[in-house]
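Step one of this worksheet: look at the structure below.
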Amino acid sequence: MIEAVATADFPEVLAIYNEVIRNSTAVYTEQEYDEARGRAWFDGKLAGGNPFLVARDESGVIGFASYGDFRVWPCYRHTVEHSVHVRADRRGKGTGRALVEELMRRAMSSGKHVMIAGIDTQNAVSIELHKRLGFDSAGRLREVGFKFGRWLDLEFLQCILPTTASTR
């Protein structure tokens, strides 16, 4: 089941995010979020007015996804960048795909034109998932991150969404 995140989901969302930070290059930070920093991040997403979704099953929250402005300049207002993270024990079972598909539906219904994904180039599973969902490679930034003692390359992918809403 995918639905809007609730305030009560905070501990489970934060646990997923910190596991991703700790064990992967999906997020280019080495510092896990403590309660205060995590709460500020979570509340900021809630207040942002964009979708902030969770996937859940009988075990609780198994993934989350959101999108926000790609850049703050006014002419980028039709472009969003998304993020999706799945609990370690539920990866590879379709949760990430379902979350991205729901974000895409919501972006289209909000009149967004382009959705961007920034993915570490070593994350072949995520890159392939996005390509299957209609994202195309848009460029690679070499050695822009440094984590786990090595330089990281970031792949940008984009999907031009089939919108019918007029530009505002």
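The values are calculated or read from the model by the stated rules, or taken from the named source; none is laboratory data. None of these values were measured; they are calculated from a predicted model. Cβ: placed from backbone, ideal geometry, glycine included. Neighbour counts: every protein chain shown. SASA here: full protein model, heavy atoms, side chains in, ligands and nucleic acids out. Shrake-Rupley method; radii C 1.70, N 1.55, O 1.52, S 1.80 Å.
The table below gives the values:
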{"item": "First in the range 28-53 and on the phi < 0 side of the Ramachandran plot and at pLDDT 95 or above, second anywhere and assigned to a loop (DSSP other than H, G, I, E, B) and surrounded by 14 or more Cβ atoms within 10 Å (Cβ to Cβ), Cβ under 7 Å, 6 or more apart", "result": "PHE52/VAL5; LEU53/VAL5"}
{"item": "From LEU161, LEU152, residue being at negative phi, open to solvent by less than 20 Å² (accessible area, probe 1.4 Å) and either of a type in the set (Asp, Glu) or out of contact with any Gly (no Cβ under 7 Å at 6 or more places or on another chain) (or both)", "result": "LEU161"}
{"item": "Any hit, the range 48-55, residues being out of contact with any Asp or Glu (no Cβ under 9 Å at 6 or more places or on another chain) and closer than 21 Å to ALA107 by Cα", "result": "yes"}
{"item": "Given (1) assigned to a strand (DSSP E or B); (2) open to solvent by 20 Å² or more (accessible area, probe 1.4 Å), number of the condition GLN31 does not satisfy", "result": "(1)"}
{"item": "Of all residues making up the range 95-117, the number that are open to solvent by less than 30 Å² (accessible area, probe 1.4 Å) and not polar (S, T, N, Q)", "result": "11"}
